[in-house]
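Take a look at the structure set out below.
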Protein chains: 2
Amino acid sequence: MDPEIDLLHHIKSFEAQLEDYLPGNSIDCVILGYESQQLKVLLLKWKNDGVWTLPGGFIKKTEHLDDAAQRVLQERTGLSSVFVKQFYTFGSSVRNKNPQISKPLYHLKKMEELSPNFLKWITNRFITTGYFALVDIKRIHPRPDAFSEVCEWKSLNALPPLILDHKEIITKALDHLKTQLNYLPIGISLLPKKFTMQDLRKLYEAILGKPLERSNFQRKLLKLGILIRHEKQMTGAANKAPYLYSFSEEKYYELIKNGIGFYS
Amino acid sequence: MDPEIDLLHHIKSFEAQLEDYLPGNSIDCVILGYESQQLKVLLLKWKNDGVWTLPGGFIKKTEHLDDAAQRVLQERTGLSSVFVKQFYTFGSSVRNKNPQISKPLYHLKKMEELSPNFLKWITNRFITTGYFALVDIKRIHPRPDAFSEVCEWKSLNALPPLILDHKEIITKALDHLKTQLNYLPIGISLLPKKFTMQDLRKLYEAILGKPLERSNFQRKLLKLGILIRHEKQMTGAANKAPYLYSFSEEKYYELIKNGIGFYS
DNA sequence: TTTTATTGTGTTAATTTGACACAAAAATAC
DNA sequence: GTATTTTTGTGTCAAATTAACACAATAAAA
């Protein structure tokens with residue numbers, strides 16, 4: 001099908017349901033994953049525009065804010081039981097006036113005569129609540145939504161231009177991640193079930209943005225008593241094979257409840 | 001003036017301005033102070049009802065969410081330059097359905113025939129964003145708003161019954177206070193300009209909910225290099241007089257930027 | 001003058017941290 | 001098969017931090 005027609009179809013369909021949604025609130029999800037020793041965020045690219053956005057959505061009148069976030073997450077990643085947490089609400093009265101919106105809206109303006117209600121609705125002031133999710137990148141099959149043509153992981157070190165204040169939203173999510181480090185299920189959410197000590201250390205190094213001494217890190221983590229040691233992993237590399245570890249889930253969650261006395 | 005008439009007058013006046021406000025968002029302020037070795041929160045008591053609420057308000061269509069919070073704070077306390085921070089957004093779709101609202105609304109229902117728009121507006125679903133403020137209780141002269149007859153400090157250990165989910169909002173604010181302890185200007189905001197080491201320690205004990213060893217606490221704080229020692233305070237008690245201290249503001253803010261490696 | 005309560009600082013053992021050492025292991029090169 | 005390379009798991013040890021208790025100094029009351 002002609003993608004232009006398809007997009008219009010989706011807009012018309014959404015327009016018909018506008019009554020079901022709160023008119024001034026939205027949610028945006030900062031979905032974080034970890035791959036190739038880098039933190040990554042899941043982004044969407046708008047059709048016809050090349051501008052990137054965070055996966056987001058609107059809130060049904062009978063829906064809890066948290067459920068709207070879960071719904072968006074489920075739609076974009078197919079995952080339903082992952083770690084999601086609200087981190088901040090962005091309440092500037094001129095969020096929608098940011099010059100960066102002009103580009104995608106130029107495109108939407110073509111729809112004006114065909115879908116004036118939608119245009120009016122979407123250009124209103126929105127107060128958006130940010131949620132962040134931590135996911136195992138390997139378990140995800142990202143799917144674009146009706147308004148976007150691409151949905152993929154982008155390294156946090158090389159973000160493309162983002163719509164509106166979405167750059168700020170990501171920055172705030174990362175601040176939150178850092179200050180809440182000791183209270184979040186970082187490792188258990190971002191890594192696959194089994195991993196090496198090096199994987200875990202590199203993850204913390206990526207979040208903290210600084211190197212951690214290998215042998216001391218290992219000792220410290222083992223002492224926390226949340227790791228289960230498994231068979232060795234024969235990597236094929238010319239060196240001693242590392243053990244594989246997994247987390248003891250109960251002990252992990254017990255520990256972060258009161259905060260891991262960890263690095264900062 | 002008859003308080004009943006007065007209340008009605010205020011409602012009518014607000015009703016005339018409904019167009020200026022966002023219809024689905026509000027803010028609530030958890031204003032915390034410290035007195036008699038106890039953490040306290042500033043609450044309002046609704047006229048004619050005896051039900052307590054957090055100071056809160058609505059958001060003008062051209063107003064930043066943060067500014068709405070500052071406005072409410074200013075109106076209730078007269079203070080304009082205090083520490084305020086957003087901490088969470090409460091997005092349940094049934095917040096307004098909580099049975100505890102019935103009581104004050106029973107009262108408002110008497111206004112139904114006189115102010116149907118106001119009643120309809122206020123009983124809608126609201127997504128409310130919580131802000132917390134840390135203030136020096138001595139500098140405050142609490143003032144009730146038009147809908148309330150009392151505005152006073154209540155000890156967190158003995159809260160009266162609260163409307164809607166306001167108890168939950170306070171609990172969440174305190175959680176936030178605890179986990180963000182190392183990044184917040186606790187002492188400088190909650191204590192008067194000059195204070196004794198015991199004052200400071202008791203404050204931290206109140207927040208952490210556990211005793212801290214006196215001499216070690218003293219040493220640790222002096223070592224941080226953020227305290228300025230002043231003359232001794234002759235308390236009149238039969239014991240050695242303690243020094244008074246104040247904070248070096250620049251050093252204090254510099255320190256919390258990266259987090260005080262403190263207690264938890 | 002003695003007593004009482006609290007303060008400021010001292011002491012010391014236990015624990016944690018940071019930096020580096022080194023043998024063991026897995027694969028490759030010869 | 002043997003030597004080489006690289007990374008792992010654990011060892012060591014000095015420095016820093018923490019936790020617990022000691023004690024003299026001091027302000028006011030008895």
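Okay, here's what the table says:
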read-out: Region A:134-147 residues that are open to solvent by 10 Å² or more (accessible area, probe 1.4 Å), paired with ones that are at pLDDT 90 or above and in a loop (DSSP other than H, G, I, E, B) (beta carbon under 7 Å, 6 or more apart); value: A:Asp136/A:Leu191; A:Asp136/A:Pro192; A:Lys138/A:Pro192
read-out: Residue check for B:Glu19: in a helix (DSSP H, G or I) and at pLDDT 90 or above; value: yes
read-out: Residue within region B:193-207 that is β-branched (Val, Ile, Thr) and not assigned by TED's automatic domain parsing to the domain that holds B:Leu134 present; value: yes
read-out: Given (1) away from DNA strand D (no atom under 12 Å from the Cβ); (2) within 30 Å of A:Gln180 (Cα to Cα); (3) in contact (Cβ under 8 Å) with a residue 12 or more places away in the chain, index of the condition B:Pro161 fails; value: (2)
read-out: Verdict on A:Gly261 being in a loop (DSSP other than H, G, I, E, B), within 14 Å of another protein chain (Cβ to nearest Cβ), within 16 Å of DNA strand D (Cβ to nearest atom) and not basic (Lys, Arg); value: yes
read-out: Region A:215-240 residues that are within 14 Å of chain B (Cβ to nearest Cβ), paired with ones that are near DNA strand D (Cβ under 10 Å from one of its atoms) and at pLDDT below 95 (beta carbon under 7 Å, 6 or more apart); value: none
read-out: Test: A:Lys61 is away from chain B (no Cβ under 14 Å), open to solvent by 20 Å² or more (accessible area, probe 1.4 Å) and among the charged types (D, E, K, R); value: no
read-out: Scope region A:180-219; condition more than 14 Å from DNA strand D (Cβ to nearest atom), open to solvent by 40 Å² or more (accessible area, probe 1.4 Å) and in a helix (DSSP H, G or I); matching residues; value: A:Tyr183
read-out: B:Ala237 within 7 Å of DNA strand D (Cβ to nearest atom), open to solvent by less than 40 Å² (accessible area, probe 1.4 Å) and over 13 Å from B:Tyr263 (Cα atoms); value: no
read-out: Members of region A:62-90 that are part of a loop (DSSP other than H, G, I, E, B) and touching a helix residue (DSSP H, G or I) at 6+ places or on another chain (Cβ under 6 Å); value: A:Ser80
read-out: Scope region B:220-229; condition within 12 Å of DNA strand C (Cβ to nearest atom) and open to solvent by less than 50 Å² (accessible area, probe 1.4 Å); matching residues; value: B:Leu221, B:Leu227
read-out: Single unsatisfied condition, A:Leu255 versus (1) within 12 Å of DNA strand D (Cβ to nearest atom); (2) farther than 20 Å from A:Ile137 by Cα; (3) open to solvent by 40 Å² or more (accessible area, probe 1.4 Å); (4) not in a loop (DSSP other than H, G, I, E, B); value: (1)
read-out: A:Thr53, sole failed condition from (1) modelled with pLDDT of 95 or more; (2) in contact with a Phe, Trp or Tyr (Cβ under 7 Å, 6 or more places away or on another chain); value: (1)
read-out: A:Lys12 modelled with pLDDT under 90, farther than 29 Å from A:Lys210 by Cα and in contact with a Leu (Cβ under 6 Å, 6 or more places away or on another chain); value: no
read-out: Filter pass, A:Lys223 being assigned to a helix (DSSP H, G or I) and away from DNA strand D (no atom under 16 Å from the Cβ); value: no
read-out: Qualifying positions in region B:233-252 - within 12 Å of DNA strand C (Cβ to nearest atom) and not in a loop (DSSP other than H, G, I, E, B); value: B:Tyr243, B:Leu244, B:Tyr245
read-out: Residues that are of a type in the set (A, V, I, L, M) and either part of a helix (DSSP H, G or I) or at pLDDT 70 or above (or both), drawn from region A:104-141; value: A:Leu105, A:Leu108, A:Leu119, A:Ile122, A:Ile127, A:Ala133, A:Leu134, A:Val135, A:Ile137, A:Ile140
read-out: Qualifying positions in region B:64-103 - within 14 Å of chain A (Cβ to nearest Cβ), modelled with pLDDT of 90 or more and open to solvent by 70 Å² or more (accessible area, probe 1.4 Å); value: B:Asp67
read-out: Subset of region A:241-252 (residues that are touching a residue at least 40 places away in the same chain (Cβ under 8 Å) and either within 14 Å of DNA strand D (Cβ to nearest atom) or exposed (fewer than 11 other Cβ atoms within 10 Å of the Cβ) (or both)); value: A:Pro242, A:Tyr243, A:Leu244, A:Tyr245, A:Ser246
read-out: Subset of region A:25-51 (residues that are open to solvent by 20 Å² or more (accessible area, probe 1.4 Å) and farther than 30 Å from A:Leu200 by Cα); value: A:Lys45, A:Trp46, A:Lys47, A:Asn48, A:Asp49, A:Gly50
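The values are calculated or read from the model by the stated rules, or taken from the named source; none is laboratory data. None of these values were measured; they are calculated from a predicted model. Cβ atoms come from the backbone with ideal geometry, glycine included; neighbour counts cover every protein chain shown. For accessibility, only protein heavy atoms count, side chains too; no ligands or nucleic acids. Shrake-Rupley method; radii C 1.70, N 1.55, O 1.52, S 1.80 Å.
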